[in-house]
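Here the structure is laid out as structure tokens; the discussion comes afterwards.
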Amino acid sequence: MQAKIHPSTPVNLRRLAAVLRRGGLVAIPTETVYGLAAHALDAKACRAIFQAKRRPANDPLIVHVLDLAHAEQLAEFNATARRLARRFWPGPLTLVLPKKNVVPGIVTSGGPTVAIRAPAHPLARRLLRLAKIPLAAPSANLFGYISPTTAAHVREGLGRRIPDILDGGTCTVGVESTVLDVTNPSRPRILRPGAVTAAQLGQFLGVKVHGARSRGARAWQLAPGMLERHYSPRTPLVLQHSPAKPPAGIAVVWLRQPRKSVAKNVFWLSKRGSLAEVARNLYNVLRRADAGRYRQIRVEPLPAEAGGLATAINDRLRRAAAKR
Ligand code: AMP
Ligand code: MG
């Protein structure tokens with residue numbers, strides 16, 4: 001059986017909301033990447049997420065809610081977290097806070113904190129409104145592989161493991177949410193960079209917002225998505241500038257579309273070179289390069305000083321390139 005991709009008709013949305021209420025799994029679009037959603041207060045439903053993704057139990061899930069009022073039922077908010085939610089929700093900012101008892105341990109991998117966000121995607125919001133439950137939803141891909149940004153990507157990876165995918169087109173952001181630990185409000189810390197940047201957060205809060213330490217066992221315990229190798233194609237990936245005439249058998253990924261036509265092993269991440277465009281196309285291009293049976297994928301890294309989204313994009317590329 002292959003998963004069904006459902007167009008977002010009112011009837012389908014009602015049906016899929018009912019599936020979620022009953023404890024079933026549905027892959028849903030969000031503005032960041034597609035998520036594999038289940039009833040966040042139903043431990044059995046959440047266990048099915050881990051099984052379908054082959055995700056280790058020590059990698060906690062993000063819970064999706066409509067708004068701050070719903071989030072406050074699940075986590076202990078402080079004043080800083082409330083301000084952040086009012087400013088950045090709905091949107092790609094996940095807040096890590098002490099969990100309340102209603103949240104099952106499986107969602108937080110047994111830990112005392114829960115990660116929560118309100119997604120901006122209109123279909124995710126309609127489903128949340130219809131289902132009237134919080135939805136735990138990690139990215140809808142097999143653990144460790146490239147996250148999905150279209151319904152077809154979800155089907156490629158999980159098509160034989162889940163029944164239902166809601167089609168919401170291509171994700172507009174294209175990389176996963178920023179994960180911000182606000183358990184200590186005087187020292188907010190980014191556990192995973194995303195579309196909401198450290199500079200934006202720091203400016204809004206008027207404090208320095210610290211980035212994640214990228215290596216070591218500590219980082220793994222704090223945010224397992226911080227795993228060194230992650231978001232990875234099957235083909236070995238290296239970060240390196242490559243010439244216009246790459247050797248045959250090697251896929252080359254440029255940041256910008258070349259002016260002249262090029263060999264079919266040359267891919268590019270944007271037409272005009274904007275970071276938003278690079279983020280939006282990143283996973284689709286990596287998937288296409290991975291499907292081409294090349295020996296290696298060489299990706300041009302972004303200049304570190306580019307700032308903004310470049311931090312998140314380089315973070316994902318570095319993890320995609322990390323050794324097994
Ligand atoms: P995914 O949705 O697949 O990108 O994975 C969710 C990621 O959110 C995890 O891998 C962690 O990095 C992060 N996360 C979820 N819950 C927590 C938590 N309680 N504390 C820290 N990070 C979390
Ligand atoms: Mg993931």
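The values are calculated or read from the model by the stated rules, or taken from the named source; none is laboratory data. All values derive from a computational prediction rather than experimental measurement. Because the Cβ atoms are built from the backbone with ideal geometry, glycine has one as well, and the counts that use them run over all protein chains shown. For accessibility, only protein heavy atoms count, side chains too; no ligands or nucleic acids. Shrake-Rupley method; radii C 1.70, N 1.55, O 1.52, S 1.80 Å.
Per-residue ellipticity at 222 nm computed for the chain from its helices equals -9000 deg cm²/dmol, with DSSP H segments shorter than 4 residues left out and the rest contributing -39,500 (n - 2.57). Once both labels are positioned 7 Å from their Cα atoms along Cα-to-Cβ, the gap between residue 295 and residue 245 label points is 1.8 nm. Other residues lying with their Cβ under 11 Å from the Cβ of residue 171 contribute a combined charge of -1, Lys and Arg counting +1, Asp and Glu -1. Taking a quarter of the surface of the Cα convex hull of the chain gives a mean projected area of 16.0 nm². Any idea what angle helix 43-53 forms with the longest principal axis of the chain, computed on alpha-carbon atoms, 0 to 90 degrees, nearest 10? In the chain, helix 43-53 runs at an angle near 10 degrees to the longest axis. At residue 86 and residue 210, where each label point lies 7 Å from the Cα along Cα→Cβ, what is the point-to-point distance in nanometres? Each label point lies 7 Å from its Cα, and together they span 2.7 nm. Surface calculation, 1.4 Å probe, protein heavy atoms: residue 8 sits at approximately 50 Å² accessible. In this structure residue 261 has an accessible area near 120 Å², from a 1.4 Å probe over the protein heavy atoms.
The modelled label-to-label distance between residue 263 and residue 322, using points 7 Å beyond Cα along the C-beta direction, is 3.1 nm. Sum up the charges of everything whose Cβ sits under 14 Å from the Cβ of residue 203, counting Lys and Arg as +1 and Asp and Glu as -1, but leave residue 203 out. Taking every Cβ under 14 Å from that of residue 203, the sum is +3. The length gained by stretching the chain between residue 54 and residue 79 to full extension, at 0.36 nm per residue less their Cα-Cα distance, is 5.3 nm.
With every protein chain in place and a 1.4 angstrom probe, the accessible-area ranking of 113, 197, 170, largest first, reads 170, 113, 197.
Below 12 angstrom from the Cβ of residue 23, what's the summed charge of the other residues (Lys, Arg +1; Asp, Glu -1)? Combined, the nearby Lys, Arg, Asp and Glu give +3.
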